[in-house]
Amino acid sequence: MDDLAALRLQIEWGADEALEDAPVDRLRAAPPPPPIIPPPPIIPPPLAGGGQGEGSRATPAARALEIAAAAQTLADLRAAITAFDGCALRDTASNLVFAEGNPSAGLLLIGDAPGADDDRSGLPFAGPAGAYLDRMLASIALRRSDLLLTALIPWRPPGDRPPSPAELAICLPFLTRLIALAAPRRLVLLGPLALRALAAPPSRRRTRGAWLDLAITGLDRPLPALPTFSPTELMRSPRDRRAAWADLRLLRRTLDADSSESDST
């Protein structure tokens, strides 16, 4: 085919104008593409104080331990827990459940994780379980206003499920700091979870009917603790009430003995 015939064919196909200044040799090999030069890496500016983001890389449990240790009063601790955003339970709970009662009482009662009534009120041992606890205390001439009460963790787990090991690891520094700041003479552990969380190594079964010595971070001496049943357990299981009554009588005898020793000195 000569050039004129080729031109006529292109016009028939609709190619009626030139797009390039020079003809393109379609049979010549294409030149290799230019090398790709990666952009330089972006280096973030150093943080204030010369660090490179250690705080941002800390685990939630490490952050909780750090801010709990910095609290010097119970009010500081409550404010620190309120501002803490490292536990997902905070996002599902209605209220923070903090300690209630007399910080100078010398006796701290620790329950299991907050329930629905605690979550609504923001107070430990609320609702029917709290009323049952009041009757338990009254049977040995104690009132909740004369004691300090708290929950194992500050927020209710959804559906009243037990807290996960990860959630306990995050929240436990807040509890141990609360104990250290209140510095009670004795603890009462109402329910199995508090004993498992505070005992080292964790207890595989609940030991009750006797005082146990627990090492608490921030205190220079072991703290006597009495494990017993929670009000919720006793409401569900009447057969455990006789054993719980024995624990309450042991608590009463121990408090009376402590008072006698204090009066004699």
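What follows draws every value from the coordinates through simple rules; no lab data is involved. What you see is a predicted model, and the numbers here were worked out from it, not measured in a lab. Note that each Cβ is placed from the backbone with ideal geometry, even for glycine, and that neighbours are counted across all protein chains shown.
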Packing-based exposure ordering (other Cβ within 10 Å, fewest first) of MET136, MET235: MET235, MET136
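Neighbouring Cβ atoms within 10 Å as the yardstick, rank PHE229, PHE84, PHE125 fewest first. Intermediate results must be reported in sequence, preceding the final value.
On the way: PHE229 24, PHE84 19, PHE125 29.
The most exposed by this proxy come first: PHE84, PHE229, PHE125.
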Label zone at ALA88, where the point sits 7 Å out along the Cα-to-Cβ direction: the stretch 137-164 residues whose backbone N lies under 20 Å: 153-164
Estimated distance in nm for a label pair at ARG236 and LEU74, the labels positioned 7 Å out from Cα along Cα-to-Cβ: 2.9
Loop-located trypsin sites (Lys or Arg not before Pro) in the stretch 96-151 whose Cβ has at most 11 other Cβ within 10 Å (DSSP): ARG143
Antiparallel bridge percentage (DSSP; both residues within the stretch 59-258; nearest 5): 30
Virtual spin-label span in nm between ASP134 and ALA246, 7 Å along Cα→Cβ: 3.0
Environment charge at PHE174 (Cβ cut-off 12 Å; Lys +1, Arg +1, Asp -1, Glu -1): +1
Extension gain (nm, one decimal) between ALA116 and ALA210, 0.36 nm per residue minus Cα-Cα: 30.8 nm
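List LEU198, LEU109, LEU96 from most exposed to least, where exposure is judged by having the fewest other Cβ atoms within 10 Å.
Details: LEU198 24, LEU109 29, LEU96 16.
The order, fewest Cβ neighbours first, is LEU96, LEU198, LEU109.
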Stokes-Einstein diffusion coefficient of the stretch 59-258, Kirkwood radius over Cα pairs, 25 °C, 0.890 mPa s, in µm²/s: 146
